[in-house]
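The values are calculated or read from the model by the stated rules, or taken from the named source; none is laboratory data. Predicted model, so just to flag it, every value in this text is computed and none were measured. With ideal geometry, Cβ positions are generated from the backbone for all residues, glycine too; neighbour counts draw on all protein chains shown. Side chains included, ligands, DNA and RNA excluded: accessible areas come from the protein's heavy atoms. Shrake-Rupley method; radii C 1.70, N 1.55, O 1.52, S 1.80 Å.
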Amino acid sequence: MSGQNTSHAVMAQRVEAPDSFDDFPTPPWATRALIEHVLLRRVGPAHAEAMRQMTVLEPACNRGYMAGTLGEYFRRVIARDIMDYGYPLMEKVDDFLFPGPLPRAHWMITNPPFRLAENFVHRSFDMPGWCGTAVFLRTQWVEGEGRFRDLFNVRPPTIIAPFAERVPLFKGVLRDPDKDYFDEVAGKWKKPSTATSYSWFIWVKNRRPQPPIWIPPCRLALTRAGDYPATKGEENA
(Lines give C-alpha, C1' and ligand atoms only; values in the text may rest on other atoms or scores of the structure.)
Protein backbone atom coordinates (compact mmCIF):
# COMPACT_ATOMS: atom_id res chain seq x y z
CA MET A 1 0.00 0.00 0.00
CA SER A 2 1.42 3.37 -1.00
CA GLY A 3 2.77 5.45 1.86
CA GLN A 4 2.76 2.60 4.39
CA ASN A 5 5.29 2.96 7.19
CA THR A 6 7.30 -0.26 7.05
CA SER A 7 9.51 0.48 10.02
CA HIS A 8 10.04 -2.64 12.13
CA ALA A 9 9.27 -0.58 15.23
CA VAL A 10 5.88 0.31 13.76
CA MET A 11 5.08 -3.07 12.27
CA ALA A 12 6.07 -4.93 15.44
CA GLN A 13 8.05 -7.50 13.48
CA ARG A 14 10.91 -9.64 14.70
CA VAL A 15 12.34 -11.76 11.93
CA GLU A 16 14.85 -14.51 12.67
CA ALA A 17 16.65 -16.87 10.29
CA PRO A 18 15.11 -20.37 10.02
CA ASP A 19 18.09 -21.92 11.83
CA SER A 20 18.31 -19.21 14.50
CA PHE A 21 18.38 -20.16 18.18
CA ASP A 22 16.20 -17.08 18.83
CA ASP A 23 18.56 -15.62 21.44
CA PHE A 24 16.34 -13.01 23.14
CA PRO A 25 16.80 -13.18 26.95
CA THR A 26 13.68 -12.67 29.08
CA PRO A 27 13.69 -9.92 31.75
CA PRO A 28 13.27 -11.42 35.24
CA TRP A 29 10.27 -9.20 35.99
CA ALA A 30 8.33 -10.83 33.13
CA THR A 31 8.82 -14.24 34.77
CA ARG A 32 7.79 -12.91 38.18
CA ALA A 33 4.67 -11.49 36.53
CA LEU A 34 3.64 -15.01 35.48
CA ILE A 35 3.71 -16.19 39.08
CA GLU A 36 2.48 -13.09 40.86
CA HIS A 37 -0.24 -11.92 38.48
CA VAL A 38 -1.38 -15.10 36.72
CA LEU A 39 -0.73 -18.29 38.67
CA LEU A 40 -1.44 -16.74 42.05
CA ARG A 41 -4.66 -15.15 40.81
CA ARG A 42 -6.06 -17.76 38.45
CA VAL A 43 -4.55 -21.10 39.43
CA GLY A 44 -4.76 -20.19 43.09
CA PRO A 45 -2.52 -19.46 46.09
CA ALA A 46 -2.65 -23.12 47.15
CA HIS A 47 -1.00 -24.24 43.92
CA ALA A 48 1.51 -21.41 44.07
CA GLU A 49 2.42 -22.48 47.59
CA ALA A 50 2.72 -26.09 46.40
CA MET A 51 5.22 -24.92 43.77
CA ARG A 52 7.72 -24.39 46.56
CA GLN A 53 7.95 -28.18 46.70
CA MET A 54 7.88 -28.69 42.94
CA THR A 55 10.48 -29.05 40.20
CA VAL A 56 10.38 -26.86 37.09
CA LEU A 57 12.18 -27.51 33.82
CA GLU A 58 13.59 -24.58 31.85
CA PRO A 59 14.69 -26.31 28.61
CA ALA A 60 15.85 -23.14 26.81
CA CYS A 61 17.62 -21.50 29.74
CA ASN A 62 19.94 -19.27 27.69
CA ARG A 63 21.94 -17.14 30.14
CA GLY A 64 19.74 -18.14 33.06
CA TYR A 65 17.61 -15.02 33.59
CA MET A 66 14.37 -17.00 33.64
CA ALA A 67 15.80 -20.06 35.37
CA GLY A 68 17.32 -17.97 38.13
CA THR A 69 14.03 -16.16 38.69
CA LEU A 70 12.08 -19.44 38.80
CA GLY A 71 14.37 -20.47 41.65
CA GLU A 72 12.62 -17.83 43.75
CA TYR A 73 9.40 -19.86 43.55
CA PHE A 74 10.27 -23.53 42.93
CA ARG A 75 12.17 -26.02 45.05
CA ARG A 76 14.32 -27.13 42.13
CA VAL A 77 15.02 -25.73 38.68
CA ILE A 78 16.33 -28.02 35.93
CA ALA A 79 18.11 -25.64 33.55
CA ARG A 80 19.08 -26.96 30.14
CA ASP A 81 19.64 -25.63 26.63
CA ILE A 82 20.76 -26.82 23.23
CA MET A 83 23.72 -24.41 23.57
CA ASP A 84 25.93 -23.37 26.46
CA TYR A 85 25.46 -19.62 26.94
CA GLY A 86 27.54 -19.61 30.11
CA TYR A 87 24.84 -20.00 32.76
CA PRO A 88 26.77 -21.59 35.66
CA LEU A 89 23.74 -23.48 37.02
CA MET A 90 22.84 -25.09 33.70
CA GLU A 91 22.54 -28.84 34.29
CA LYS A 92 23.69 -29.89 30.83
CA VAL A 93 23.56 -29.13 27.12
CA ASP A 94 20.44 -30.88 25.92
CA ASP A 95 18.00 -30.79 22.99
CA PHE A 96 14.56 -30.91 24.62
CA LEU A 97 12.98 -31.99 21.33
CA PHE A 98 15.36 -34.89 20.72
CA PRO A 99 13.65 -38.28 21.22
CA GLY A 100 14.47 -39.96 24.49
CA PRO A 101 13.67 -39.86 28.21
CA LEU A 102 12.43 -36.58 29.64
CA PRO A 103 13.39 -35.30 33.08
CA ARG A 104 10.81 -35.60 35.85
CA ALA A 105 9.36 -32.15 36.44
CA HIS A 106 6.03 -30.73 37.49
CA TRP A 107 6.23 -27.64 35.28
CA MET A 108 7.92 -26.54 32.09
CA ILE A 109 8.33 -22.77 31.93
CA THR A 110 10.40 -21.25 29.14
CA ASN A 111 10.85 -18.71 26.36
CA PRO A 112 11.29 -21.17 23.46
CA PRO A 113 12.39 -20.45 19.90
CA PHE A 114 9.26 -19.04 18.24
CA ARG A 115 9.26 -21.47 15.31
CA LEU A 116 9.60 -24.47 17.66
CA ALA A 117 7.28 -23.32 20.44
CA GLU A 118 4.45 -25.67 19.47
CA ASN A 119 6.85 -28.62 19.58
CA PHE A 120 8.04 -27.56 23.04
CA VAL A 121 4.47 -27.40 24.33
CA HIS A 122 3.49 -30.80 22.92
CA ARG A 123 6.66 -32.37 24.29
CA SER A 124 6.11 -30.94 27.76
CA PHE A 125 2.84 -32.83 28.16
CA ASP A 126 4.84 -36.08 28.17
CA MET A 127 7.07 -35.13 31.09
CA PRO A 128 6.82 -37.52 34.06
CA GLY A 129 4.97 -35.72 36.85
CA TRP A 130 3.67 -32.97 34.55
CA CYS A 131 1.33 -30.41 36.16
CA GLY A 132 1.67 -27.37 33.93
CA THR A 133 3.33 -25.59 31.03
CA ALA A 134 3.91 -21.88 30.51
CA VAL A 135 5.60 -20.38 27.45
CA PHE A 136 6.54 -16.73 26.96
CA LEU A 137 5.94 -15.77 23.34
CA ARG A 138 5.01 -12.98 20.98
CA THR A 139 1.27 -12.45 21.24
CA GLN A 140 0.90 -13.19 17.52
CA TRP A 141 1.50 -16.86 18.40
CA VAL A 142 -2.23 -17.01 19.08
CA GLU A 143 -2.72 -16.90 15.30
CA GLY A 144 -2.20 -19.62 12.70
CA GLU A 145 -4.45 -22.21 11.10
CA GLY A 146 -2.00 -25.05 11.65
CA ARG A 147 -1.47 -24.15 15.30
CA PHE A 148 -5.22 -23.93 15.80
CA ARG A 149 -5.75 -27.32 14.18
CA ASP A 150 -2.93 -29.18 15.91
CA LEU A 151 -2.83 -27.54 19.34
CA PHE A 152 -5.37 -24.90 20.32
CA ASN A 153 -8.41 -26.78 19.02
CA VAL A 154 -7.19 -30.09 20.48
CA ARG A 155 -5.74 -28.85 23.76
CA PRO A 156 -6.52 -25.16 24.29
CA PRO A 157 -4.49 -23.17 26.79
CA THR A 158 -5.90 -22.88 30.28
CA ILE A 159 -4.98 -19.19 30.32
CA ILE A 160 -3.59 -16.68 27.85
CA ALA A 161 -2.08 -13.68 29.64
CA PRO A 162 -0.96 -10.71 27.52
CA PHE A 163 1.16 -7.97 29.03
CA ALA A 164 -0.55 -4.58 29.23
CA GLU A 165 2.87 -2.92 29.02
CA ARG A 166 5.58 -3.76 26.53
CA VAL A 167 8.39 -6.13 27.45
CA PRO A 168 11.54 -4.94 25.64
CA LEU A 169 13.68 -7.86 24.45
CA PHE A 170 17.01 -7.57 22.67
CA LYS A 171 19.06 -10.04 20.71
CA GLY A 172 21.85 -11.55 22.75
CA VAL A 173 21.61 -9.20 25.72
CA LEU A 174 19.37 -8.23 28.63
CA ARG A 175 18.99 -4.44 28.83
CA ASP A 176 17.58 -2.26 31.56
CA PRO A 177 14.73 -0.33 29.87
CA ASP A 178 15.42 2.64 32.17
CA LYS A 179 18.95 3.08 30.83
CA ASP A 180 19.83 4.39 27.39
CA TYR A 181 22.26 2.34 25.32
CA PHE A 182 24.58 3.22 22.47
CA ASP A 183 23.47 1.76 19.14
CA GLU A 184 26.74 1.23 17.30
CA VAL A 185 25.01 0.69 13.98
CA ALA A 186 23.01 3.92 14.19
CA GLY A 187 25.86 5.70 15.93
CA LYS A 188 23.69 7.25 18.63
CA TRP A 189 22.19 6.68 22.06
CA LYS A 190 18.75 5.10 22.24
CA LYS A 191 16.16 4.31 24.86
CA PRO A 192 15.33 0.59 25.04
CA SER A 193 11.86 0.04 23.58
CA THR A 194 9.89 -2.36 21.43
CA ALA A 195 6.75 -2.47 19.33
CA THR A 196 6.39 -6.22 19.87
CA SER A 197 3.76 -7.45 22.32
CA TYR A 198 4.28 -10.56 24.44
CA SER A 199 2.02 -12.96 26.34
CA TRP A 200 2.21 -16.01 28.55
CA PHE A 201 0.45 -19.12 27.20
CA ILE A 202 -0.34 -21.51 30.05
CA TRP A 203 -1.64 -25.06 30.34
CA VAL A 204 -2.57 -26.45 33.77
CA LYS A 205 -3.41 -30.10 34.32
CA ASN A 206 -7.12 -30.81 34.91
CA ARG A 207 -8.10 -27.15 34.54
CA ARG A 208 -10.65 -25.97 31.98
CA PRO A 209 -9.83 -23.02 29.70
CA GLN A 210 -10.44 -19.67 31.37
CA PRO A 211 -10.91 -16.12 30.03
CA PRO A 212 -7.71 -14.23 29.22
CA ILE A 213 -6.10 -12.29 32.04
CA TRP A 214 -4.21 -9.09 31.33
CA ILE A 215 -0.97 -8.68 33.22
CA PRO A 216 -1.09 -5.11 34.57
CA PRO A 217 1.84 -2.72 34.34
CA CYS A 218 4.22 -4.18 36.89
CA ARG A 219 7.79 -3.86 35.63
CA LEU A 220 8.85 -1.36 38.26
CA ALA A 221 7.22 -3.28 41.09
CA LEU A 222 8.73 -6.62 40.05
CA THR A 223 12.25 -5.47 39.17
CA ARG A 224 14.93 -6.35 41.70
CA ALA A 225 18.42 -5.00 42.25
CA GLY A 226 20.92 -6.92 40.15
CA ASP A 227 18.42 -8.09 37.53
CA TYR A 228 20.27 -6.39 34.67
CA PRO A 229 23.93 -7.06 33.90
CA ALA A 230 26.22 -4.40 32.47
CA THR A 231 26.60 -5.92 28.99
CA LYS A 232 26.39 -4.75 25.41
CA GLY A 233 24.03 -5.92 22.68
CA GLU A 234 23.22 -5.18 19.11
CA GLU A 235 19.63 -5.76 18.01
CA ASN A 236 16.33 -4.51 19.36
CA ALA A 237 13.46 -7.00 19.41
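Details
- Taking the range 148-175 as the range and being in contact with an Asp or Glu (Cβ under 7 Å, 6 or more places away or on another chain) and within 19 Å of GLN210 (Cα to Cα) as the test, only LEU151 passes.
- PHE170 being closer than 24 Å to ALA225 by Cβ and open to solvent by 10 Å² or more (accessible area, probe 1.4 Å): no
- Test: residue in the range 197-206 that is in contact with a Cys (Cβ under 7 Å, 6 or more places away or on another chain), assigned to a loop (DSSP other than H, G, I, E, B), open to solvent by 20 Å² or more (accessible area, probe 1.4 Å) and over 25 Å from ASP22 (Cα atoms): yes
- Of residues in the range 59-94 being within 19 Å of HIS47 (Cβ to Cβ) and not polar (S, T, N, Q), the one most open to solvent (accessible area, probe 1.4 Å): ARG75
- Filter pass, PHE163 being buried (at least 19 other Cβ atoms within 10 Å of the Cβ), under 14 Å from PHE24 (Cα atoms) and either aromatic (Phe, Trp, Tyr) or out of contact with any helix residue (DSSP H, G or I) (no Cβ under 9 Å at 6 or more places or on another chain) (or both): no
Conditions (1) at pLDDT 95 or above; (2) more than 26 Å from PRO216 (Cβ to Cβ), marked per residue:
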{"residue": "PRO18", "(1), (2)": "no, yes"}
{"residue": "PHE21", "(1), (2)": "no, yes"}
{"residue": "THR26", "(1), (2)": "yes, no"}
{"residue": "THR31", "(1), (2)": "yes, no"}
{"residue": "TYR65", "(1), (2)": "yes, no"}
{"residue": "LEU89", "(1), (2)": "yes, yes"}
{"residue": "PRO103", "(1), (2)": "yes, yes"}
{"residue": "MET108", "(1), (2)": "yes, no"}
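- First in the range 99-112 and farther than 12 Å from ARG123 by Cα, second anywhere and part of a strand (DSSP E or B) and open to solvent by 20 Å² or more (accessible area, probe 1.4 Å), Cβ under 9 Å, 6 or more apart: ALA105/ARG76
- All positions within the range 95-137 that are of a type outside the set (A, V, I, L, M, F, W, C), over 25 Å from GLY44 (Cα atoms) and in a loop (DSSP other than H, G, I, E, B): ASP95, PRO99, GLY100, PRO101, PRO103, PRO112, PRO113
- All positions within the range 173-193 that are open to solvent by less than 30 Å² (accessible area, probe 1.4 Å), of a type outside the set (A, V, I, L, M) and under 15 Å from PRO229 (Cα atoms): ARG175, PRO177, TYR181, PRO192
- The condition (being open to solvent by 10 Å² or more (accessible area, probe 1.4 Å) and either closer than 23 Å to ASP23 by Cβ or touching a Pro at 6+ places or on another chain (Cβ under 9 Å) (or both)) is satisfied by just one residue among THR139, THR133, THR158: THR139.
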